[in-house]
1. Mind checking the dipole of the range 66-162: about its Cα centre, +1 per Lys or Arg Cβ, -1 per Asp or Glu Cβ, Debye to the nearest 20?
2. I need the GluC sites (Glu not before Pro) found in the range 57-162, filtered to DSSP loop residues with at most 15 other beta carbons within 10 Å of theirs.
3. Report ³J(HN,Hα) in whole Hz for each residue of the range 72-78, in order, from the Karplus equation J = 6.51 cos²θ - 1.76 cosθ + 1.60 where θ = phi - 60°; Gly and Pro get x.
4. How would you rank 74, 64, going from fewest to most other Cβ atoms within 10 Å of each one's own Cβ?
5. Considering only the other residues whose Cβ falls under 11 Å of the Cβ of residue 64, what net charge follows from Lys and Arg at +1 and Asp and Glu at -1?
6. Using 7 Å Cα-to-Cβ label points, what is the residue 55/residue 94 separation (nm, one decimal)?
7. Which order do 75, 59 fall in if you start with the one that has the fewest other Cβ atoms within 10 Å?
8. Please list, in chain and number order, the residues 5+ apart from residue 131 or on another chain whose amide H is under 5 Å from its amide H, with Hs placed from the backbone.
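Every read-out reported here was derived from the displayed coordinates using simple, explicitly stated rules and does not represent laboratory data. No experiment lies behind these values; they were computed from the predicted model shown. Glycine also receives a Cβ, built like all others from the backbone with ideal geometry; neighbour counts cover every protein chain displayed.
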Amino acid sequence: MGMTARTLLVILGIFFLLIPSVGQEIPEPTVYSDVVFSYSLREFSQILQSGNDTSLRTDVLYLLGGTVTSITVLDPNPESYYVDIEILDARWVTTSQLESYEAYLVILDHSFAERISSSQNAPGDLLKPQIRGLFLLEYYGPTETVTGELAPVFILRDFTIL
């Protein structure tokens, strides 16, 4: 057997040994139906300020972008896991006027525990303060902010960091 055949056998052997472990590491993708892409935090804010949130459905998921401003782990126990996240989005109205829109996300699923950190200095690809992300959310309802304005509250279903 020549050097080329021996090298080929080694490569094929490694390939066949790695296939099962690679297959086990790739999780099945979650498939979501009824995802609404046409809203932003600005639209949610305008709808809530108008006093008519009946057009906001709780039986669909919304994909929204924003920057995480704070994360508070209120209950780290797996059976009662509860995390509050505040996100913010903004737009320039004029060159000197900025409008901001906030929302509150609730995490009730302990499987997110290893994907988030309340520390801005946490290493790695984690959801943490000052990180921009896309969030897959279920609308829960409005809440009143400290300034007296209404802001949407969502249940977080999934996210990706931008």
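1. 320 debye
2. Of the GluC sites (Glu not before Pro), the ones in loops of the range 57-162 whose Cβ has at most 15 other Cβ atoms within 10 Å are 149.
3. Listing the rounded values in order: 10, 7, 8, 8, x, 5, x Hz.
4. Fewest-to-most ranking of 74, 64: 74, 64.
5. In short, -1.
6. 2.8 nm
7. 59, 75
8. The list, which skips near neighbours in sequence, is 68.
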